[in-house]
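To start, the structure itself, in structure tokens.
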Amino acid sequence: MSSKPKIIVLKLREVIYTLMLLFLVILLAVCLFLMFSGKAKKESASTGLQTENQSAPSTENTSGESSDRLSYRPGIYTTPVTLGNSAAEVEVTVDQNHINSIRLVNLSETTAAAYPLVSPSLDHIASQILEKQSLEGITSPQENRYTSQLLLSAISDALRLAQSDETNTSQ
């Protein structure tokens, strides 16, 4: 029995540093887990909201009436669009039987920089609507689809405001 005990000398400073490093690694792992799991929940929630916005214009488009037979109260109609923490407005100008222009107003430079697809998406949608004079058959590129759905919903709401009472009662 000649076992010789081995004595390990640890300095208190080394033990404290090791424990602090271990604590920081665990804290970092927990933070990363919470960040990425919370992001997935936010994305699914925002996708659900955008899906609801997509259904708004499609229900109006299935009415079977073309925009040629719709009559509007001439004027300028605006609908708010929420982009993050700020808001802009979609402005639709109509006369008796035609949609004359669609544009985005009150869009700050910081919001435009944060959401760079808004202006090109609106230009793409507006050109199609002005050409067809209808919300039916509007297409958007795959990378702009959610932005386009949001804008199309706002345009649909503005046109609903612009429809004259005669048109609303005949539907």
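The values are calculated or read from the model by the stated rules, or taken from the named source; none is laboratory data. As the structure is a prediction and not an experimental result, all values here were calculated from the model. In this analysis, Cβ positions are derived from the backbone assuming ideal geometry, glycine residues included, and neighbour counts consider all displayed protein chains.
So that you can scan it fast, the table gives a plain yes or no per residue for (1) over 19 Å from Ala162 (Cβ atoms); (2) assigned to a helix (DSSP H, G or I); (3) at pLDDT below 50:
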{"residue": "Leu10", "(1), (2), (3)": "yes, no, no"}
{"residue": "Leu22", "(1), (2), (3)": "yes, yes, no"}
{"residue": "Leu28", "(1), (2), (3)": "yes, yes, no"}
{"residue": "Leu34", "(1), (2), (3)": "yes, yes, no"}
{"residue": "Lys41", "(1), (2), (3)": "yes, yes, no"}
{"residue": "Ser44", "(1), (2), (3)": "yes, yes, yes"}
{"residue": "Thr47", "(1), (2), (3)": "yes, yes, yes"}
{"residue": "Pro57", "(1), (2), (3)": "no, yes, yes"}
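Among the residues of the range 109-120, the one identified as in contact with a Leu (Cβ under 6 Å, 6 or more places away or on another chain) and part of a helix (DSSP H, G or I) is Thr111. All of Ile125, Ile138 fail the test of being among the β-branched types (Val, Ile, Thr), farther than 17 Å from Gln163 by Cβ and at pLDDT below 90, apart from Ile138. Looking only at the range 79-106, filter to residues that are of a type in the set (Val, Ile, Thr) and surrounded by fewer than 20 Cβ atoms within 10 Å (Cβ to Cβ); which one of those is farthest from the chain's Cα centre (by Cα)? Applying the filter and picking the extreme gives Thr93.
Ser134 satisfies every condition listed in (1) under 18 Å from Leu152 (Cβ atoms); (2) within 21 Å of the chain's Cα centre (by Cα); (3) assigned to a loop (DSSP other than H, G, I, E, B) except (2).
Among the residues of the range 134-163, which ones are polar (S, T, N, Q) and surrounded by 15 or more Cβ atoms within 10 Å (Cβ to Cβ)?
Hits for the range 134-163 are Ser134, Ser140, Asn144, Thr147, Ser148, Gln149, Ser153, Ser156, Gln163.
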